[in-house]
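> Next up is a structure, given as structure tokens.
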Amino acid sequence: MGALGLYGRYAMASIKGQLNYPASFVLLTIGQFLSTIVEFIGIAALFSRFQSLGEWTLAQVALFYGTVNIAFAVADMISRGFDVFGPLFVKTGEFDRLLLRPRATPLQLLGYELRLMRLGRLLQGVLVLAIAVSRLDLAWGLAETALLLAAVAGGVAFFLGLVVLQATLAFWTVESLEVANTLTYGGVAAAQYPLEIYHNWFRQFFTFVVPLSCVAYFPIVGILGIDDPLGAPRWFLYLSPLFGFVFLAMALIAWRLGERRYASTGS
Amino acid sequence: MPQIAVQDLSKTYRVAERRRGLIGAGRGLFSRTHRAVEALKGVSFALDRGELVGIIGPNGAGKSTLIKILCGILMPSSGHCEVDGLVPWDQRIRHVARIGVVFGQRTQLWWDLPVIDSFELLRDIYRVPEVSFRATAETLISLLRIDQLLHRPVRQLSLGQRMRCDIAAALLHSPSILFLDEPTIGLDANSKLALRDFIKHLNRHNGVTVILATHDMQDIGALAERVLIIGHGRILRDGSIAAMRADTPGQRRLVIDFSEDVGDITVEGATVLSRTGRRVAFAFDSRVTAAHTLIGRLTADHDIAELSIEEPTIEELIADFYASHGAVEA
Amino acid sequence: MRDAGTGPYRAIFAARFLMMLQYRAAALAGIATQFWFGGIMVMALSAFYTEGGGSASITRAEAITYIWLGQAFLGLLPWNVDPEIAVMMRTGNVAYERLRPVDTYFYWFARAMAWRTAATLLRAIPLLLVTSVVFDWVGLGAWSLQPPQSGTALALFLLSMVAVVLLSSALTTLLNISVVWTISGQGINVFTNSLVLILSGMVIPLPLFPDWAHLMLLLQPLAGLVDIPYRIYFAHLSGAEAIAGIALQIFWTMLFIGLGHLCMTRTMRRIQIQGG
């Protein structure tokens with residue numbers, strides 16, 4: 001059974017387990033929906049008062065907001081294995097068991113749990129995206145759809161990459177470093193607005209060091225069909241989601257190095 | 001062509017030294033000294049297909065290090081190791097697809113899922129074709145008598161039940177080698193016997209190579225013709241229990257139930273091993289003092305109700321062996 | 001209402017407080033995160049002020065001050081339940097609460113108060129220092145925390161903050177009580193969190209909401225957690241208005257204490273019935 005099929009199996013097993021506690025799951029999901037949508041309510045209120053954010057309208061911001069929330073929600077749903085990697089796998093030695101299975105360890109960690117509760121953020125993102133699409137006067141064709149899917153896919157890869165990198169740290173230190181939370185949750189908080197509104201150094205960090213803008217800003221500008229205020233050429237807007245995958249690939253290379261270290265030092 | 005070939009295997013760990021006291025802790029922030037711990041020093045041996053080998057040794061001797069290297073989850077510092085033509089760590093995925101591993105203390109099954117769900121997940125992980133999976137699973141389920149347990153979540157099982165399921169799980173993909181690390185620990189007497197029978201059957205009838213690391217000498221006695229004794233990171237002995245007995249030919253025990261209380265009894269030619277009430281165990285060398293001589297000396301002064309002569313238990317053999325090689329527990 | 005003598009309440013306060021102070025490492029990581037989040041909010045809000053149209057009753061500097069104060073005193077928000085309670089419920093030890101010769105409600109109140117203040121103290125001081133003084137030094141003055149409007153403002157602000165502690169403790173105790181009643185042992189904070197965040201002013205300062213909502217937002221209890229004290233700080237609420245604000249805080253506090261005290265008897269009875 002290939003990797004995708006196996007992941008499907010893992011997902012079914014995890015869902016089955018969680019459906020044993022349906023009330024809890026429903027409540028948590030609703031709770032998360034509410035917790036996330038208050039952010040958009042805040043943004044809507046600000047637009048109501050300030051009318052605009054530079055060149056950006058509420059509907060446009062909603063497009064940015066919805067996309068990055070959807071991407072993060074999906075990544076968040078599947079990444080629990082990496083979140084708990086340090087305390088539950090390295091510290092306990094359970095990682096040995098993963099190494100004893102004839103599969104790549106990242107795949108096994110992805111399969112560890114599918115957090116259904118994150119559907120709350122996902123649904124919220126979809127809702128806001130729907131609002132954006134309905135209020136924007138866009139010619140919605142194949143190119144736009146492809147770009148949207150690419151942005152979401154690239155975003156999922158990007159956020160996964162961040163989580164993988166944080167988990168890789170656990171190979172070197174027992175201290176749980178939650179620095180990556182600033183980049184994941186912080187990244188969502190920042191990218192819910194078009195990254196153009198921030199200062200130079202902030203944008204550059206999130207383009208060249210951590211390619212958040214490549215998955216959350218440039219593709220959306222491409223969809224909106226406007227000229228990028230930052231001056232990026234058209235072709236770049238279409239190719240930028242790839243950098244999310246590049247980032248993930250680099251994270252997985254770091255992971256391999258970490259695995260090697262684990263194998264040579266024992267646990 | 002041996003199935004497992006190990007040559008000059010060594011493993012040294014670098015362990016960070018903890019500094020003492022407050023000042024030490026402060027300096028420890030800036031620099032760390034490391035201590036080298038040699039877990040394995042030049043270990044060599046070979047196993048043929050279908051062998052059943054026991055690996056014993058005191059804690060800290062290097063047993064788990066050796067097992068981990070053979071499994072492919074630890075890299076040695078130097079030396080060669082080949083299992084079925086593969087280098088375990090370097091070709092991890094291909095290698096682990098051919099082995100099964102059971103850790104006595106830990107289950108590999110999914111805690112909240114029914115046992116059968118775990119089995120099916122493993123089938124997918126190991127890419128076992130449906131038909132052979134069905135056949136193998138049925139055989140294992142009936143041999144290990146776990147058909148009643150299949151739909152229970154693992155967290156509801158007792159230790160013995162879980163162990164049987166774990167063994168089945170480790171064999172679903174029909175590995176050619178089975179590693180067992182303390183499989184009978186914590187099990188009741190019946191379960192232990194059943195498990196030993198199963199392992200013997202697996203080895204004799206299915207030709208599965210079995211490597212058994214354990215402290216339980218009854219396991220060793222029942223199963224292992226060949227034993228690797230590890231101490232201080234080296235192989236102290238590679239051979240059979242029978243050969244070990246042959247090495248110390250005259251060792252015997254004489255156990256006597258006296259008809260009366262005998263106090264602090266001594267006798268020429270033997271040392272007192274233990275005394276419980278009226279039962280006294282003596283150790284003697286039958287090459288030096290014949291058994292009947294010893295008995296005669298004792299009956300001269302005391303009345304005897306019962307007596308028996310035994311060879312040393314495996315525990316005693318091994319303990320003596322450890323002691324003589326300075327390989328006692330760290 | 002209270003038993004004679006505050007000894008036991010002070011004791012539990014001290015115990016919980018000291019315990020919380022041990023979580024220094026986590027606090028440090030948390031502070032870094034807060035700088036980050038606060039920073040992003042400040043940057044986004046600045047962009048609205050600079051590039052947007054419309055007008056607001058608070059200036060940009062005031063809005064930024066509002067945000068940093070919010071981050072500094074984040075620990076005071078009643079947004080999570082005391083994990084000790086959940087553990088007590090699971091292990092059944094909660095029944096022992098009844099055995100102590102104290103009013104159970106105020107016992108839990110003291111505990112909640114200790115928890116909130118300890119959590120805040122660790123973070124507030126560095127955050128306040130850095131966002132006010134250090135930011136000015138390093139040239140980030142445009143984004144820094146402004147000093148209070150006047151001595152009076154500061155005095156009233158401190159009074160208001162005391163009220164915040166009491167209000168938050170009352171709300172936290174209610175949340176803790178809800179843990180006893182919910183099946184999953186999580187309490188109702190799953191829902192209340194989003195309410196707390198938006199209605200207190202943590203998502204965006206309340207004055208930035210549409211004008212028609214202002215009165216409603218001011219009168220609801222959660223405004224007393226963030227909005228009222230910070231507006232007193234920069235004298236957006238001054239003089240009589242400030243006093244009225246503090247009175248509002250006290251009013252809601254007393255209401256929630258009363259509610260909690262009422263619930264406590266029935267809660268303890270439920271625990272006894274369930275066997276703890």
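> Of all residues in the stretch C:232-256, how many are crowded, with 17+ Cβ neighbours inside 10 Å and not β-branched (Val, Ile, Thr)?
12
> If you go through the stretch C:114-147 one residue at a time, how many are outside any helix (DSSP H, G or I) and under 20 Å from the mean Cα position of the chain (by Cα)? Walk me through how you get there before you give the answer.
Just the residues of the stretch C:114-147 that are outside any helix (DSSP H, G or I), to begin with: C:138-140, C:144-147.
Keeping just the survivors that are under 20 Å from the mean Cα position of the chain (by Cα) gives C:145.
Result for the stretch C:114-147: 1.
> Can you list the helices (runs of 4 or more DSSP H) lying wholly within the stretch A:192-267 that have 2 or more residues being farther than 26 Å from A:Thr36 by Cα and charged (D, E, K, R)? Outline the logic, then answer.
Numbers: elements: A:200-204, A:212-216, A:218-224, A:234-239, A:242-265.
Those helices (runs of 4 or more DSSP H) span A:242-265.
> Within the stretch B:304-314, is there a residue that is open to solvent by less than 40 Å² (accessible area, probe 1.4 Å), assigned to a loop (DSSP other than H, G, I, E, B) and under 30 Å from B:Asp238 (Cα atoms)? Please lay out each step first, then the result.
First, the residues of the stretch B:304-314 that are open to solvent by less than 40 Å² (accessible area, probe 1.4 Å): B:312, B:314.
In the following step, the residues that additionally are assigned to a loop (DSSP other than H, G, I, E, B) were identified as B:312.
So of that shortlist, the ones also under 30 Å from B:Asp238 (Cα atoms) come out as B:312.
Yes; the residues of the stretch B:304-314 include at least one that is open to solvent by less than 40 Å² (accessible area, probe 1.4 Å), assigned to a loop (DSSP other than H, G, I, E, B) and under 30 Å from B:Asp238 (Cα atoms).
> Another question, then. Condition first: more than 23 Å from the chain's Cα centre (by Cα) and of a type in the set (Lys, Arg). Now tell me which residues in the stretch B:66-109 satisfy that.
Residues satisfying the conditions are B:Arg92, B:Arg94.
> Moving to a separate point now. Just the residues that are of a type in the set (Lys, Arg) and surrounded by 16 or more Cβ atoms within 10 Å (Cβ to Cβ), please, taken from the stretch B:227-255.
Keep residues of the stretch B:227-255 that are of a type in the set (Lys, Arg), which gives B:234, B:237, B:245, B:252-253.
B:Arg234, B:Arg237, B:Arg252, B:Arg253 - these are the residues of the stretch B:227-255 that are of a type in the set (Lys, Arg) and surrounded by 16 or more Cβ atoms within 10 Å (Cβ to Cβ).
Residue-wise test of (1) buried (at least 23 other Cβ atoms within 10 Å of the Cβ); (2) part of a helix (DSSP H, G or I).
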{"site": "C:Ile67", "(1), (2)": "yes, yes"}
{"site": "C:Gly75", "(1), (2)": "no, yes"}
{"site": "C:Trp79", "(1), (2)": "no, no"}
{"site": "C:Glu84", "(1), (2)": "no, yes"}
{"site": "C:Val87", "(1), (2)": "no, yes"}
{"site": "C:Ala95", "(1), (2)": "no, yes"}
{"site": "C:Arg98", "(1), (2)": "no, yes"}
{"site": "C:Val102", "(1), (2)": "no, no"}
{"site": "C:Ala110", "(1), (2)": "yes, yes"}
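> So, in the stretch A:15-40, exactly how many residues are of a type in the set (A, V, I, L, M, F, W, C), surrounded by fewer than 15 Cβ atoms within 10 Å (Cβ to Cβ) and either without any contact (Cβ under 8 Å) to a residue 12 or more places away in the chain or facing chain C (nearest Cβ under 8 Å) (or both)?
Residues of the stretch A:15-40 that are of a type in the set (A, V, I, L, M, F, W, C), as a first pass: A:15, A:19, A:23, A:25-28, A:30, A:33-34, A:37-38, A:40.
Going one step further and asking which of them are surrounded by fewer than 15 Cβ atoms within 10 Å (Cβ to Cβ), we end up with A:15, A:19, A:23, A:26.
Narrowing the set further to residues that are either without any contact (Cβ under 8 Å) to a residue 12 or more places away in the chain or facing chain C (nearest Cβ under 8 Å) (or both) leaves A:19, A:23, A:26.
Of the residues in the stretch A:15-40, 3 are of a type in the set (A, V, I, L, M, F, W, C), surrounded by fewer than 15 Cβ atoms within 10 Å (Cβ to Cβ) and either without any contact (Cβ under 8 Å) to a residue 12 or more places away in the chain or facing chain C (nearest Cβ under 8 Å) (or both).
> Quick one: what pairs do we get from the stretch C:206-234, first residue within 24 Å of C:Pro148 (Cα to Cα), second hydroxyl-bearing (Ser, Thr, Tyr) and open to solvent by 10 Å² or more (accessible area, probe 1.4 Å), C-beta under 6 Å, 6+ apart or different chains?
The qualifying pairs are C:Pro207/C:Ser57.
> Right, something else. As an exercise: evaluate A:Gln51 against (1) on the phi < 0 side of the Ramachandran plot; (2) open to solvent by 20 Å² or more (accessible area, probe 1.4 Å); (3) not acidic (Asp, Glu) and give the number of the one condition it does not meet.
Condition not satisfied by A:Gln51: (1).
> Filter the stretch C:225-239 for residues that are in a helix (DSSP H, G or I), among the hydrophobic types (A, V, I, L, M, F, W, C) and over 13 Å from C:Pro205 (Cα atoms) and give the result. Even if it seems obvious, please write down each step before you answer.
First, the residues of the stretch C:225-239 that are in a helix (DSSP H, G or I): C:225, C:227-233, C:239.
So of that shortlist, the ones also among the hydrophobic types (A, V, I, L, M, F, W, C) come out as C:225, C:228, C:232.
Result: C:Ile232, single match.
> Taking the stretch C:148-167 on its own, how many of its residues are within 18 Å of C:Ala240 (Cα to Cα), part of a helix (DSSP H, G or I) and touching a residue at least 60 places away in the same chain (Cβ under 8 Å)?
9
> For the subset of the stretch B:63-98 comprising residues that are open to solvent by less than 10 Å² (accessible area, probe 1.4 Å), touching a helix residue (DSSP H, G or I) at 6+ places or on another chain (Cβ under 7 Å) and more than 8 Å from chain A (Cβ to nearest Cβ), which member is farthest from B:Gln3 (Cα to Cα)?
B:Pro88
> A further question follows. Being of a type in the set (Val, Ile, Thr) and within 19 Å of B:Thr248 (Cβ to Cβ) is the filter; apply it to the stretch B:279-303 and report the residue that is surrounded by the most Cβ atoms within 10 Å (Cβ to Cβ). Steps first, please.
Step one: of the stretch B:279-303, the residues of a type in the set (Val, Ile, Thr) are B:280, B:288-289, B:293, B:295, B:299.
Next, only the ones that are within 19 Å of B:Thr248 (Cβ to Cβ) stay: B:288-289.
Numbers: B:Val288: 10, B:Thr289: 18.
In this case the residue turns out to be B:Thr289.
> From the list C:Thr173, C:Thr267, which one is touching a Phe, Trp or Tyr at 6+ places or on another chain (Cβ under 8 Å), of a type outside the set (Asp, Glu) and surrounded by fewer than 23 Cβ atoms within 10 Å (Cβ to Cβ)?
Details: C:Thr173 fails: surrounded by fewer than 23 Cβ atoms within 10 Å (Cβ to Cβ).
Within the list C:Thr173, C:Thr267, the selection yields C:Thr267.
> Quick check: is even one residue across the stretch B:263-285 in contact with an Asp or Glu (Cβ under 9 Å, 6 or more places away or on another chain), among the basic types (Lys, Arg) and not in a strand (DSSP E or B)?
yes
> Okay, moving on. Taking the stated definitions as given, is A:Arg121 farther than 19 Å from A:Phe218 by Cα, modelled with pLDDT of 95 or more and either touching a His at 6+ places or on another chain (Cβ under 7 Å) or more than 14 Å from chain B (Cβ to nearest Cβ) (or both)? Give the steps one after another, and end with the answer.
Numbers: farther than 19 Å from A:Phe218 by Cα: yes; modelled with pLDDT of 95 or more: yes; either touching a His at 6+ places or on another chain (Cβ under 7 Å) or more than 14 Å from chain B (Cβ to nearest Cβ) (or both): yes.
Yes: the conditions hold for A:Arg121.
Residue-by-condition table, conditions (1) more than 14 Å from chain C (Cβ to nearest Cβ); (2) open to solvent by 30 Å² or more (accessible area, probe 1.4 Å); (3) closer than 27 Å to A:Cys214 by Cβ:
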residue	(1), (2), (3)
A:Thr92	yes, yes, no
A:Leu98	yes, no, no
A:Ala139	yes, yes, yes
A:Glu144	yes, yes, yes
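> Would you please name the residue that is surrounded by the fewest Cβ atoms within 10 Å (Cβ to Cβ), looking only at residues in the stretch A:202-230 that are over 22 Å from A:Asn69 (Cβ atoms) and modelled with pLDDT of 90 or more?
In this case the residue turns out to be A:Val209.
> Is the stretch A:67-85 home to any residue that is of a type outside the set (S, T, N, Q), in contact (Cβ under 8 Å) with a residue 24 or more places away in the chain and at positive phi?
Within the stretch A:67-85 (the criterion being of a type outside the set (S, T, N, Q), in contact (Cβ under 8 Å) with a residue 24 or more places away in the chain and at positive phi), the answer is no, since none of the residues qualifies.
> Out of all the residues in the stretch C:46-90, which are modelled with pLDDT of 90 or more, closer than 26 Å to C:Pro126 by Cβ and among the hydrophobic types (A, V, I, L, M, F, W, C)?
The answer is C:Ile58, C:Ala61, C:Ala63, C:Ile64, C:Ile67, C:Trp68, C:Leu69, C:Ala72, C:Phe73, C:Leu74, C:Leu76, C:Leu77.
Quick grid of which residues meet (1) modelled with pLDDT of 95 or more; (2) within 19 Å of the chain's Cα centre (by Cα):
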site	(1), (2)
B:Ile146	no, no
B:Pro153	no, no
B:Leu159	no, yes
B:Ala170	yes, yes
B:His173	yes, no
B:Phe179	yes, yes
B:Thr184	no, yes
B:Ala194	no, yes
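> Here is a follow-up. So for the stretch C:54-70 (the condition being without any contact (Cβ under 8 Å) to a residue 12 or more places away in the chain and within 13 Å of chain A (Cβ to nearest Cβ)), does at least one residue qualify?
First pass over the stretch C:54-70, keeping only residues without any contact (Cβ under 8 Å) to a residue 12 or more places away in the chain: C:54-55, C:59.
From the residues that got through so far, the ones that are within 13 Å of chain A (Cβ to nearest Cβ) too are C:54-55.
Checked against the condition, which is being without any contact (Cβ under 8 Å) to a residue 12 or more places away in the chain and within 13 Å of chain A (Cβ to nearest Cβ), the stretch C:54-70 yields at least one hit.
> Being within 13 Å of another protein chain (Cβ to nearest Cβ), open to solvent by 10 Å² or more (accessible area, probe 1.4 Å), in a loop (DSSP other than H, G, I, E, B) and at pLDDT 90 or above, is that true of even one residue in the stretch B:22-42?
no
The values are calculated or read from the model by the stated rules, or taken from the named source; none is laboratory data. What you are looking at is a predicted structure, and each value in this text was computed from that prediction instead of being measured. Heads up, the Cβs are rebuilt from the backbone with ideal geometry, glycines too, and the neighbour counts pull from every protein chain shown. Surface accessibility is based on the protein's heavy atoms, side chains included, excluding ligands, DNA and RNA. Shrake-Rupley method; radii C 1.70, N 1.55, O 1.52, S 1.80 Å.
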